[in-house]
Each structure stands twice: as C-alpha cells, then as structure tokens.
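Enquirer: Please find one structure pasted underneath; my questions will follow.
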Amino acid sequence: MEDTIVAISTNNIGIGAINIIRMSGQESLEILQQVFSNKKIKQAKSHTIHYGFIMNNGEKIDEVLVSIMRAPKTYTKEDIVEINCHGGYAITNKILEILILHGARLAEPGEFTKRAYLNGRLNLLEAESIEDLLESQTENQTILAMNHLTGKTTKLITSLRDKIVKLLSNIEVNIDYPEYIDELQITKENIKPVLTEVKEELEKIIQEAKNGELIKNGIKVAIIGKPNVGKSSLLNAILEQDKAIVTNIQGTTRDAIEASIVYQGILLNLIDTAGIRKTNNIVEKIGVEKSKQLIKEADITILVLNNNEELSKEEQNLLQIIDNQNNIIFINKNDLPTKLKPIKTNMSIVSGSAQNKKGIEQLKNQIIKNFHLENLNKKELNYLTNIRQITLAKEALNNINNVIKDNEKNIPIDILTIELKSAWENLGKIIGEYYEDELVDNIFKRFCLGK
Ligand code: GDP
C-alpha cells in the first residue's frame, strides 16, 4: 500500500490569508478524522467542503475548511484531503506536524504529480507541463504549457508513433505470414513515402522546438557598444523605467544589468554590457571580458553605435564579431548631426534616439521579427520545450535517417525494424510510454513541494 503523503501546497507561508495543506493516499480520510472536530468526516461524500476545527489533545488549533475528494476523480487518483487553514507560518506548520504525527508522511517535491503520472492520470509530457505552467510569466508561456497539459502535443507525438508502429506491424506480418504478402507486400519502394513523411514531421517538430524554447525561457538580448554610445539610455528606454545607471563618464556601467520585459507576449531578457574596449584598467577589464562572454550566451546582440561619431577601430572589430543576420545594429543619437558613414552589413539596422525614445518600438519589433515570432498562432503553440524532449526527438530523427539510408543500401527490410523500433521507443519516452524509474524520479524532483 502506498503511504499517505502531505505537504503545504500554497506558497508564501505567513503572507497570504489562507494556506492549503494537501494530503493524498488511502489513509487521508482516516488521518483527517483523528484530528478534525467533525467525527463523521470519514463518511462525507466526495467533492464536498466541511467547516470545523483541527484539534490536538482536545485543544482547538485552527478553524478550517476541509475539502474531501475521493479516488479516482482526483489529481493523484487517490483519496485527497485539502485543509484550508489560516495563512500564518506557525499555524500551518503546526497542522502539518499534527498530520505527520497521525501517520502521514511529508511529500517529496513533485510527489503529488508523480503519483498522478504513475496512476495514469497524466503522461510525462503533461506532468512536465505542470511545472512550466507554475513558472509561466507570459500568456504565451501559459498557452504553451496548457497545450501540453491538454494533450495537444501528445497527439502530435502519438500520431507519429502510430505511423511507425503501422509500418513495423506491416513488416512483421510480411515476415511471419508470407501468405498475406499479396495483400500488403512491403518493398523498399513502398516504405519510402511513410519514412519521408515521418522524417519531415520530426524535422518540423525539432525546428519549431526552438520557438518553444524561446517562448518558455525568453529571448536573451545583449546590448553592447563602446562606452558612452547610449547603451544604458537604450535599456532604460526599452524598459521605460530607470533601472540602469545613465551617465556620461566612460565605463560606469561595469557590471552587466539584467532586466526583463514582455513584448508581444514574448519575454525579453535584456543585458546591458560594459563597454567593450582595450583597457589597462583592471576593474574595467573584468567588465570587458564579461561582455564578450555575454555575447556568446545571448540569443541576439544589439550593437549600439553613435550617429554623431565615426566608426572606431574597436567598433569595426565588434561588427565583425557579431556580423550575422540575427543580430541588430542600433544607430543611436540620430537627433545629432550624422558623422557615421554608411555600414556594409548583413545585420538589420535600426536608427533612433534613446534619449528621445525614437526607434525603440521598431527595435523591439525587429528582435521579434528576427526570431520569426511575429505571427505566432497561439492555438498551434505545441512545441517541445525542454532539453529532454528535444534530445529524444532528435534521436528519433536520427533513427529514421538511418532507416532511410539503410533502405537505400538495399539492406533487408527486417533488419530495418531494429532502428524503426528505436525511433518508436524514443518518441514514446517523450510522453513517458517507455521510461526508466530513474528518469521519472529526476523529472519530479524538480517540482516544488506540495505539487
Ligand atoms: P553607455 O555608456 O553606452 O551606457 O551610455 P549612456 O546611456 O550612459 O549615455 C551616455 C551619454 O549619452 C549620456 O549623457 C546620455 O544622456 C547621452 N545620450 C544617450 N542617448 C542619446 C541620444 O539619443 N541623443 C543624445 N543627444 N544623447 C544621448
């Protein structure tokens, strides 16, 4: 028998008016009965709420509302009791302690969701999306997590697995029951279209997973440029608040400043780097090294130039370092006379003035455009979003590519089934149809307590 687990499910103990303590397992109602003022609570109907007191040695500990939810129509598919108690730290912990004294065990992080998964209430993809949902900061992140949770992504993976399994079973029939061969003869040629179809769908899923990652984690934007071109002013203009230090003394913004905004539903994580230049000043040097490192870490870099100055050698260097189509040049101070000569580059160029808040919208739009996120169809946000899922999809694609190659080399079809099965298994692992205990433990440990 599984033991009965308990945890505080709400956050910010001591701040909110109410806390919820959740208990799941066969003994939930028995344990509640022992500590609740209403001694008939064990007979209560499922999905009902009851008023009463948590008692300890005849003493009233707290006035509470208790929800009773009987298996199997619950989050974990087990009997669940939720106690709505007062939000104080001491009270909540006292009740938790009493429940543990009466036989419940403190849940490990993610254990409720793990049980939901093990009891077949959620698949692995859906379970992982609960964590994403809890961490969502933007609407798009929420939609993405909900689409996982409601099974849209699962359907996509399942349909691919169905295609592979159909092919596998046709091949097996050909081998084991050659008398049926007339009906569905499998040849090198007639398996090609299905293989190509699966390959293309997988490639699309992997390609789109990049969008999923960006929606989930946000776009990391590094703002670079030599001192005094207006990086901090630009950051402030983007943030529309005064987070960065703005000054005309060179090299003040030594440490990178990070701040986030949500633009068109996408989280932009902005980093204002220290000016990159050769310097003998040790403190400044640390900043410079950090900047170079940040360019590497960033998803996109904005190089800020001064419209009122000619391009320096350092800036020409920087242009070379970051010259790829994804990055952006922002020519700042366009309110001042133009001294900067036209620049030859593959990058998009936006001109404006950080001080006068000109060109800022255009710049933010350009960031979104460079990632092709401007026309996101919210209903189709069903990308794979974490490394585990993406790695497995890539492995499945690898398997399919090998099958296609071997098929071209005229390798007997029954030998191809080995690699086809691996593709099917790898896709299965994404939704947890095929798993190792260790993997499952690992996934659920990342959850917060009480979930
Ligand atoms: P950073 O060292 O690159 O971070 O540059 P700052 O943001 O500290 O700006 C340096 C100086 O340029 C400050 O005096 C700003 O007020 C000024 N500045 C920033 N943007 C503009 C602009 O668009 N036009 C003009 N005229 N001055 C600006």
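The values are calculated or read from the model by the stated rules, or taken from the named source; none is laboratory data. Computed from a predicted structure; not experimentally measured. Please note: Cβ atoms are built from the backbone with ideal geometry, for glycine as well, and neighbour counts cover all protein chains shown. Ligands, DNA and RNA are stripped out before the accessible areas are found, and what is left, the full protein with its side chains, is counted by its heavy atoms. Shrake-Rupley method; radii C 1.70, N 1.55, O 1.52, S 1.80 Å.
Enquirer: Could you give the length gained by full extension between E433 and Q185, i.e. 0.36 nm per residue of separation minus their alpha carbon distance, to one decimal place? Numbers along the way, then the final one.
Expert: Details: separation 248, 0.36 × 248 = 89.28 nm, distance 2.97 nm.
Roughly 86.3 nm would be gained on extension.
Enquirer: Still on this structure, I have one more. How do 401-413, 304-316 rank on mean C-beta neighbours within 10 Å, highest first? Don't skip to the end; give the middle numbers.
Expert: Working: 401-413: 14.7, 304-316: 16.7.
Top to bottom by mean Cβ count within 10 Å: 304-316, 401-413.
Enquirer: Moving to a separate point now. Hey, what's segment 5-122 come to in accessible area per residue, 1.4 Å probe, Å²?
Expert: Here the residues of segment 5-122 average 48 Å² of exposed surface.
Enquirer: Can you flag which of K341/K364; K220/K339; K226/K296; K394/K429; K226/K333 are past 21 Å Cα-Cα?
Expert: Check vs 21 Å cut-off fails for K341/K364; K220/K339.
Enquirer: Okay, moving on. Of the peptides 420-430, 292-302, how do they stack up when ordered by the mean number of other Cβ atoms within 10 Å, highest first?
Expert: 420-430, 292-302
Enquirer: If each residue of separation counts as 0.36 nm, what is the full-extension length gain between E2 and L118 once their alpha-carbon separation is subtracted?
Expert: 40.6 nm
Enquirer: Quick check: Cα centre of segment 116-133 to Cα centre of segment 23-98, how many Å?
Expert: So the separation of the two Cα centres works out to 25 Å.
Enquirer: Now for a different question. What nm value, rounded to one decimal, do you get for the distance between K152 and A17 when each label is placed 7 Å out toward the C-beta?
Expert: Result: 3.5 nm between the two label points.
Enquirer: I'd like to compare 210-217, 231-238, 46-53, 99-106: which one has the highest average count of other Cβ atoms within 10 Å, and what's the full order after that?
Expert: Ranking, from highest mean packing down: 231-238, 210-217, 99-106, 46-53.
Enquirer: Please compare each pair in K45/K73; K231/K358; K292/K369; K231/K357; K231/K313; K39/K77 to a cut-off of 22 Å on the Cα-Cα distance and tell me which ones are over it.
Expert: Listed pairs above 22 Å: K292/K369; K39/K77.
Enquirer: What is the spin-label model distance, in nm, from D162 to K192 if the labels are put 7 Å beyond Cα along the C-beta direction?
Expert: About 2.6 nm, to one decimal.
Enquirer: Between K204 and Q43, how high is the FRET efficiency from 1/(1 + (r/R0)^6) when r is the Cβ-Cβ distance and R₀ = 60 Å? Nearest 0.05.
Expert: Once rounded, the FRET efficiency stands at 0.65.
Enquirer: Let me ask something else about it. Sorted from largest down, give the three principal axis spans of the alpha carbons of segment 5-122, whole angstrom values.
Expert: Extents along the principal axes: 40, 32, 23 Å.
Enquirer: In nanometres, what is the gap between the two model label sites at N56 and I415, each 7 Å from Cα along Cα-to-Cβ?
Expert: Label at N56, label at I415, 7.0 nm between them.
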